[in-house]
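Right, one structure below, let's go through it.
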Amino acid sequence: MSETTTAPRPDERMKQVAPWRRALIRPELGGICGTILVFLLFGAIAGDSGMFAAEGVLNWTVVSAQFMVIAVGACLLMIAGEFDLSVGSMIGFAGVMMAILSVQMGWPMWAAITATFAFCILLGAINGWLVIRTGLPSFIVTLAFLYILRGLTIWGSVYFTRQTIIGGVAERAQGDWLAALFGGKILGGLFTWMGDAGWIATFTKGNRAGQPVIDGVPMLVVWAIGLAIFGHWLLTRTKFGNWVFAAGGDAQAARYVGVPVNRVKILMFMFSAFCACVFASCQVMEFGSAAADRGLLKEFEAIICVVIGGALLTGGYGSVIGAALGAIIFGVVQQGLFFANAESSLFRVFLGMILLIAVIMNTYIRRIITGER
Amino acid sequence: MSAAILEMKNITKHFGPVIALNGVSFDVRAGECHCLLGDNGAGKSTFIKTMSGVYRPTEGQMLVDGQTVAFASPRDAMAAGIATVYQDLAMIPLMSVSRNFWMGREPEKGIWPFRTMNSKFADDITVAEMRKMGINLRGPDQAVGTLSGGERQTVAIARAVYFGAKVLILDEPTSALGVRQTANVLSTVDRVRKQGIGVVFITHNVRHALAVGDRFTVLNRGQTLGTAERGAVDASALQDLMAGGQELATLESSLGGTV
Ligand SMILES: Nc1ncnc2c1ncn2[C@@H]1O[C@H](COP(=O)(O)OP(=O)(O)O)[C@@H](O)[C@H]1O
Ligand SMILES: [Mg+2]
């Protein structure tokens, strides 16, 4: 070729941006700053309350992990351009279904859990299919499921057991391999060793004297971290992740270049249902019981985490890491105010303020990145 | 003279009672830029949507490389090497240039289930292809939303060319652009043509057409008024044809030849 390929001049109208600043400008920035901020804040006002001792750390870690599990599902779905308002009801439903199958019907725990997961993921697929088929906003379709599932949960629970709380799951879960995946703990030996070494507190009296106050990391926390890593990897590293962004960014444009938008959206509804089931299973195993009112308002809390984490409500933009940080912020604030002995009603005030600040900051960051006007 | 890659013969298209196209013939050869001119409502968009598989012609024949074809969908047309860049571009502003460039055709590496997007490869190709088109990206992760209208057109064109388009259809690519950006898009069209791709360039701006066109076809109220070679027509003749002759002639005399 005779044509010389000279590199075009850099655009003289583009301000040179320092590399460190460019690395900093990312969707998670709001979440990172928020996380640092809440830790500093509660370090100052609740530092001597035991919040940062072993037991306190476990306390807010578990709460944050709960939020994280459902936030990851909500995040991917929101980036794909849809909402799932039935997450909270799905949590209640899954727990009760699991308990009825195992306690009332006498199924082995692993079978009850598997059947519940399968059925709930099917419900997620139906959610997605209805949204795609009717072209209605997912807000409306899943709002309908919010009521349908909650109603069915209460009805089913009363019909089978005459109660809205079903106990006895702990006994059924005893020694079950699948139940241990949700209710078990890992790294027990490490904590015993740390207790012996005097790094963490041990019980001083009672029948557990000498044992560390923490006997392991709950599987819930493992699930939360695992789901966040998986979600982040899926979204940023794989072809499917690119389709998730594309489906939420502009479904028509994506379809035009051959992205299977419907399949992507339905799969994300199913993943959201899966996350709700993980939440429900861990909760049922922890409490040893299921209750028909579990999971109330969880759908909104998940969405709040996702939005704090920098995702765009209209889809096509966001970060799983951001959503995970949003969950940590949510958990630390909720439990931190408790440790700080604050009036519990102030929690909502605080949360509302954080939400507002995070969203304003994220809007600003996003404008820098994407050139939105 | 090379044979036509794409040939449209006597295409009619009716929308219920509306006759949008009434027997339009048109062809495009490798390495040429064939301009399709016409006033608003002349049927340009309808015609190229027929070419790109969005609409089925009511009557008429379509040939690709001499073979009769019938496209059931835009995907069929794309598979036959006919790529269309619409005015709305099918780009996602929130996503990076690289992600947009590869959308729907992401390169992968590794083995399932750990297969990932080959981002390095994708980014390198994107930067290289954009550079060929005269655009220096800040980085492959720059969002499309930060690009100007002309640059976005160029990304869409570069994408179509990279994925092997034989015919590139551009629907009014310059109508919303400023002078400088229009010049960039026109020079992109020129580059693409030199690679041996047949370009169909739709516009209602005679000057833009004359700047790059090899042949010119004017559409007026759903009919062609013939095709002219470069050099055989001038701006005022094309202008006249677009307006249907008479009206503009009278208008022009009253405006003193400024249109
Ligand atoms: N889907 C449609 N249904 C009915 N009439 C249409 C449709 N699309 C285009 N038309 C009519 O066909 C004519 C040509 O339109 P169009 O191809 O968009 O013109 P252009 O792109 O040259 O401005 C117009 O009169 C328009 O109203
Ligand atoms: Mg048009």
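The values are calculated or read from the model by the stated rules, or taken from the named source; none is laboratory data. Keep in mind that what you see is a predicted model, and the values were worked out from it rather than measured. Using ideal geometry, Cβ is built from the backbone for each residue, glycine included, and neighbour counts are taken over all protein chains shown. In case anyone asks, the SASA skips ligands and DNA or RNA and just uses the protein heavy atoms, side chains included. Shrake-Rupley method; radii C 1.70, N 1.55, O 1.52, S 1.80 Å.
What size of dipole, in debye to the nearest 20, comes out for chain A about its Cα centre when the only charges are +1 on Lys and Arg C-beta atoms and -1 on Asp and Glu C-beta atoms?
On the way: 24 positive and 19 negative charges, 155 e Å.
Using only the charged Cβ atoms, the result is roughly 740 debye.
At the nearest 100 Å², what buried accessible area, both sides summed, do you get for A and B when the probe is 1.4 Å?
On the way: alone 19120 and 12760 Å², together 29200 Å².
Chains A and B together bury roughly 2700 Å² of accessible area.
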What is the average number of partner chain Cβ atoms found within 10 Å of a Cβ in A:135-148? 0
Convex hull volume of the range A:302-370 per residue (C-alpha atoms, cubic angstrom): 78 Å³
Taking every residue of A:76-82, the Cβ atoms of other protein chains inside 10 Å of its Cβ average out to 0
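Rounded if a/c is under 1.5, else prolate if a/b beats b/c, else oblate: with a ≥ b ≥ c from the C-alpha gyration tensor eigenvalues square-rooted, which is the range B:163-232?
Working: a/c = 1.59, a/b = 1.22, b/c = 1.30.
It comes out oblate by the Cα gyration axes.
Return one whole number: the accessible area per residue of the range A:32-370 in Å², for a 1.4 Å probe. Intermediate results must be reported in sequence, preceding the final value.
Working: 14580 Å² over 339 residues.
Per-residue value: 43 Å².
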For the range A:247-286, which residues drop by 30 square angstrom or more in accessible area between the chain on its own and all protein chains together (1.4 Å probe)? A:A253, A:Y256, A:V257, A:G258
In square nanometres and to one decimal, what's the mean projected area of the convex hull around the Cα atoms of the range B:96-142? 3.3 nm²
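Can you tell me the equivalent ellipsoid semi-axes for chain A? Use √(5λ) from the Cα gyration tensor, largest first, whole Å.
Details: eigenvalues 281, 169, 71 Å².
With the √(5λ) rule applied to chain A, the semi-axes are 38, 29, 19 Å.
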Before I look further, what does the range B:96-142 give for accessible area per residue, probe 1.4 Å, in whole square angstrom? 50 Å²
Mind grabbing the base-10 log of I(q)/I(0) for the protein assembly as shown at q = 0.05, 0.07 Å⁻¹? Debye formula, identical points on the C-alpha positions, no solvent, two decimal places. -0.33, -0.59
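Run the helix sum for chain B: -39,500 (n - 2.57) per DSSP H stretch of 4+ residues, divided by residue count, reported at 222 nm to the nearest 500 deg cm²/dmol.
So the helix-based figure for chain B works out to -10000 deg cm²/dmol.
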Calculated from DSSP H runs of 4 or more alone, at -39500 (n - 2.57) each and per residue, what is the 222 nm mean residue ellipticity of chain A, nearest 500? -22500 deg cm²/dmol
Count, for each residue of B:134-140, the Cβ atoms from other chains sitting within 10 Å of its Cβ, then give me the mean as a whole number. 3
With the solvent-accessible surface defined on protein heavy atoms using a 1.4 Å probe, which residues belonging to the range A:347-373 display a reduction of at least 50 Å² in accessible area in the multichain context relative to the isolated chain? A:T370
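Quick check: at a probe of 1.4 Å, how many percent of the accessible area of the protein assembly as shown sits on carbon and sulfur atoms? Working shown, then result.
Details: 17410 of 29200 Å².
Carbon plus sulfur share of accessible area: 60 percent.
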Determine the alpha carbon to alpha carbon distance for each of A:K239/B:K13; A:K239/B:K44; A:K185/A:K298 and list only those over 29 Å. A:K239/B:K13; A:K239/B:K44
Among B:226-236, A:258-268, what's the highest-first ranking by average C-beta atoms within 10 angstrom per residue? A:258-268, B:226-236
